[in-house]
Structure formats: structure tokens, C-alpha cells
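Taking it in order: structure first as C-alpha cells, then the write-up.
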């Protein structure tokens with residue numbers, strides 16, 4: 001018997017023939033005490049802590065996946081499946097917690113878990129460090145992508161159950177100071193992009209059944225309550241987007257779960273099928289549910305606000321950014337920008353980039369393209385090394401403004417990845433002039449997106465525009481200039497063949513096998529003993 005038990009958010013407990021695999025268990029507040037699992041899953045914590053697990057898989061270092069308070073309570077006898085990142089970030093964090101039995105897996109590398117069970121690692125092959133896991137358990141194929149975006153061309157096929165993100169997990173656009181109408185338009189665009197990305201994953205994997213997961217979180221601190229608005233943010237409930245999914249993926253069944261629900265891979269029973277259970281109070285009465293949840297966790301969300309802090313000083317801020325720039329010289333070569341940082345009543349203007357250090361800014365000032373307003377308490381956590389800028393931004397405690405309204409990939413990469421220079425060096429290599437090319441529709445273009453490394457073999461090309469299928473950046477097919485998303489150009493030229501290249505053939509959806517939320521999954525079709533990811 002094979003079962004997948006949803007522990008909430010992106011957490012799962014997978015059982016097969018006596019084998020138990022624990023995946024991304026998250027129970028405690030994350031990102032400066034801002035994020036909490038939604039719905040509340042704390043009642044499952046004692047069972048997870050006390051249970052025996054043969055394998056543990058932690059997809060990446062974000063605190064809603066790597067919950068150190070929970071991991072500190074688990075047995076160290078477990079074997080950990082670790083994504084082999086360039087920085088070794090997950091491996092080091094887990095080793096520091098005492099998890100020394102590690103199996104480190106590279107992109108698409110397989111590990112045998114048991115006589116008829118294998119795990120295959122899937123990595124985001126860009127500078128970002130994120131991963132997903134394919135479990136093949138007696139022919140039943142469970143793909144957990146959480147919030148990872150492997151290259152679309154590397155996604156496995158023949159998936160019985162897919163778990164993947166549908167809700168946002170980013171500060172853009174809701175942490176920016178856009179006027180209401182502009183905010184509404186940008187929020188709608190991000191939500192549409194998230195659904196488009198999910199639909200592509202469903203089609204390419206041939207997923208028979210989809211399990212909504214990896215979000216949304218909720219914000220129990222009253223200071224952040226506005227981000228619980230599911231209509232005006234990128235953090236919807238599944239019920240808010242279910243109709244969109246049904247239109248985009250009509251051949252894929254959905255199994256809606258709440259923390260503790262178990263999905264079983266076995267033949268469906270004969271007779272009429274029971275209707276799905278109605279959503280719980282967390283959906284029907286979200287305000288009341290959140291009020292009770294907030295009171296239960298009062299000590300936890302208030303912890304962020306406790307105690308006096310030393311006010312950040314100009315010297316500390318200067319030293320912090322000096323160090324970031326020293327660690328990331330290749331990223332900042334031939335770059336020049338200004339950053340305005342505001343904390344409480346203090347404000348600093350920071351010159352960034354190698355060019356900025358070689359130009360007298362008083363005679364040639366650089367207006368800050370970005371302004372970041374950060375609470376002194378959050379800035380103190382960053383300066384003390386208790387949080388990175390990535391965690392601070394994800395907390396939604398920061399407010400941002402940019403003028404012009406263009407994504408600066410160098411600045412954000414410095415903030416997000418600068419403490420691990422191996423990531424920024426990878427980003428620099430991605431921008432380099434070399435690399436693979438692909439021919440599409442009479443064009444020859446670089447294969448990997450200059451923004452986040454997506455495979456542009458799957459790009460949309462129409463009306464003189466190339467559109468990335470992951471984050472929907474757009475470029476001119478004639479000049480390569482970036483038209484939407486950011487400012488990085490694309491290398492593109494007419495195809496040497498002179499004529500249009502064959503268009504991509506759409507991947508057909510599989511014949512649907514309806515699976516209501518209240519019944520087990522159907523028995524998988526037997527597969528050959530040896531399988532390879534296409």
C-alpha cells in the first residue's frame with residue numbers, strides 16, 4: 001500500500017511497503033515570525049516528532065521548508081536526501097543540526113530507497129537553489145515540486161500525483177507602494193502567471209491528479225494582517241483559483257486536502273462516489289478562524305517584537321554593504337546603482353557597483369532606483385546575521401519603491417544571494433555570451449533565459465515577441481531588447497536555415513481519470529522495472 005499524507009503547506013509523509021519518507025515538514029513561524037502554516041497544522045506535530053522515518057527530504061533553505069525547531073526534535077538516525085547545490089547550503093545546515101547520514105543527489109540523479117522504490121532529485125538549474133523530488137513507489141509516481149521550477153524540458157512524464165505551488169511566495173508586488181489600480185493589475189498578472197506555470201507543469205508531466213500545496217501561508221501579526229486578503233494579494237486559497245485550473249487543465253483531477261488528510265494509491269471502490277468534503281472554517285470564516293489562530297499563537301508572533309534592540313548605525317550599514325560588494329565583485333563589475341535605505345528616522349544612500357567606486361558620485365550623482373523601508377528591528381536582524389535580506393523581504397515587513405518601475409536583477413541578486421557568492425557567480429556565467437542556442441520559428445536564440453535560467457525551447461514566440469514561460473519576461477525578436485519584466489537583453493538572431501523552424505508540438509493531456517477528494521487514487525498502470533526521466 002502506498003499513501004501520501006499531507007502535513008500542511010509543502011509537507012508530506014509518504015509511506016510505501018513499510019518505508020516512510022518525511023518531506024519538508026513545517027510547523028513553526030518563519031521569516032522574522034511573519035509566516036505561519038495555513039490552515040493550522042500544529043496538532044500533527046507530536047505525531048511527526050514521535051514517528052519513525054527512514055528518509056527525510058528538505059527541498060531548500062527557506063524557513064517554510066527547513067524548519068529548524070522541528071528538525072531539532074527528530075531522530076538523527078534518519079537518512080537525509082539532500083539536493084547537491086553548488087553552495088552546499090542544505091547539507092551544511094542539516095549537518096550542523098546533527099543529520100550526518102546524507103545522500104547528496106545532483107539534478108536528475110536517482111537513489112534506490114527499497115526493492116521497488118526510487119527517489120530522483122530535480123533541481124532548478126539556474127543560480128537559484130531550489131529542488132523537487134520524484135518518488136517512484138512500486139510504479140506509483142509522486143512528483144513533489146513544492147515551489148521549485150526545474151527546466152520544463154527536464155520534467156518527468158507519467159506522473160500519477162503532482163504536488164506543486166499554486167499560490168504566491170514572493171514580496172512582489174504586494175510589498176511595493178503601487179497605487180491601488182496599479183497594484184490590482186500587477187497582482188492579477190502574477191496570479192495569472194502562477195496558474196500558467198502550474199498548467200504547463202501539469203501538461204508536461206501528464207499528471208493524472210493534482211494536489212494543491214506549498215501555500216498560502218498566513219500572517220498572524222496584526223501589523224501584517226492586510227496580506228491575508230486573498231482577493232487583493234498573490235496569496236489566494238485554492239478555492240479562489242480552482243475554476244481557473246479546471247479551465248486550464250480539464251483532464252486532470254484535483255484532490256483537495258487539509259493537514260492530516262491521506263491520499264492512497266489503490267483501486268477505487270465500486271458504487272457511487274461521495275462528494276468532496278466541504279471546506280473547513282479556515283475557508284468559510286477566514287476572519288474568525290484567523291482571530292482564533294492568532295490568539296493561540298500569540299506568544300510566537302509577539303516574539304519578534306520583544307526586547308530592546310540597538311539602533312542600526314551608519315557604520316554598521318556601510319560595513320554590511322561593503323562586505324556584500326567585496327564578496328560579489330564579478331556580479332557588480334561594470335554595474336552602477338544607488339540604493340536608498342530607510343529605517344525608523346534614519347536614512348542612507350548607498351552607492352553600489354564597481355563603477356560607483358571609480359566615479360566621484362558628488363560630481364556625478366546616482367539617483368537611487370530602489371528605496372527600501374525596513375523596520376529597525378528587521379534591519380538589526382540582517383546586520384547581526386540572524387536573517388538575510390531574502391528572509392527579511394519574504395517577511396513582508398519591508399516596503400519597497402522603485403523608479404523607474406523596472407526589476408533590477410543585479411541589485412536583487414546581491415541582496416538575495418550575496419551571502420553565498422557561488423550563486424551570484426553562477427548568475428554571471430548565465431549572462432555570459434557563450435552557452436547553448438535553440439532554433440525556433442525562424443529564430444536562433446539563447447536557450448536559457450537571462451533572468452532565471454528557464455529553457456526557452458518552450459518560449460512563446462508570436463507577433464515579434466519572445467516570452468519566457470516561467471516569469472513571462474518578453475523580448476523583441478529583432479533587437480533582443482527586454483520589453484517587459486526587467487532590463488536584461490536576449491541574444492536572438494534570424495535562423496541560419498533561413499526558414500521557420502518546426503514549432504513545438506503541444507504535449508497532449510492524458511485521458512482523465514476522475515478522482516474526487518474523498519476517494520483514493522486509482523491503481524497506477526504497471527510500468528517497466530527500469531524508468532528514465534525524459
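The values are calculated or read from the model by the stated rules, or taken from the named source; none is laboratory data. Quantities reported herein were computed from a predicted structural model and do not represent experimental measurements. All Cβ positions, glycine included, derive from the backbone under ideal geometry; neighbour counts span all protein chains shown.
Computed values, structure above
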{"item": "Residues that are touching a residue at least 60 places away in the same chain (Cβ under 8 Å) and in a loop (DSSP other than H, G, I, E, B), drawn from segment 90-114", "result": "108"}
{"item": "Test: residue 208 is in the same structural domain as residue 106 (by TED's automatic domain parsing), surrounded by fewer than 18 Cβ atoms within 10 Å (Cβ to Cβ) and either closer than 18 Å to residue 4 by Cα or free of Cβ contacts under 8 Å to residues at least 40 places away in the same chain (or both)", "result": "no"}
{"item": "Residue that is surrounded by the most Cβ atoms within 10 Å (Cβ to Cβ) [pool: residues in segment 93-128 that are at pLDDT below 95 and out of contact with any strand residue (DSSP E or B) (no Cβ under 9 Å at 6 or more places or on another chain)]", "result": "127"}
{"item": "Residue satisfying all of: in segment 201-217; assigned to a strand (DSSP E or B) and under 23 Å from residue 64 (Cβ atoms); nearest to the chain's Cα centre (by Cα) among these", "result": "213"}
{"item": "Residue in segment 414-423 that is out of contact with any helix residue (DSSP H, G or I) (no Cβ under 6 Å at 6 or more places or on another chain), over 30 Å from residue 309 (Cβ atoms), surrounded by fewer than 20 Cβ atoms within 10 Å (Cβ to Cβ) and touching a residue at least 12 places away in the same chain (Cβ under 8 Å) present", "result": "yes"}
{"item": "Test: residue in segment 138-149 that is more than 17 Å from residue 210 (Cβ to Cβ) and in a loop (DSSP other than H, G, I, E, B)", "result": "yes"}
{"item": "Selection status of residue 245, under 30 Å from residue 32 (Cβ atoms), modelled with pLDDT of 95 or more and either in contact with a strand residue (DSSP E or B) (Cβ under 9 Å, 6 or more places away or on another chain) or not assigned by TED's automatic domain parsing to the domain that holds residue 182 (or both)", "result": "no"}
{"item": "Whichever residue in segment 6-43 is closer than 12 Å to residue 261 by Cα and touching a helix residue (DSSP H, G or I) at 6+ places or on another chain (Cβ under 9 Å) and, among such residues, is surrounded by the most Cβ atoms within 10 Å (Cβ to Cβ)", "result": "11"}
{"item": "Residue in segment 443-460 that is part of a helix (DSSP H, G or I) and either at pLDDT 90 or above or in contact with a helix residue (DSSP H, G or I) (Cβ under 9 Å, 6 or more places away or on another chain) (or both) present", "result": "yes"}
{"item": "Residue in segment 276-288 that is modelled with pLDDT of 95 or more and crowded, with 18+ Cβ neighbours inside 10 Å present", "result": "no"}
{"item": "Filter result (part of a loop (DSSP other than H, G, I, E, B), under 30 Å from residue 224 (Cα atoms) and in contact with a strand residue (DSSP E or B) (Cβ under 9 Å, 6 or more places away or on another chain)) within segment 396-441", "result": "396, 398, 403, 404, 405, 406, 408"}
{"item": "Within segment 226-241, tally of residues that are out of contact with any helix residue (DSSP H, G or I) (no Cβ under 7 Å at 6 or more places or on another chain) and touching a residue at least 24 places away in the same chain (Cβ under 8 Å)", "result": "2"}
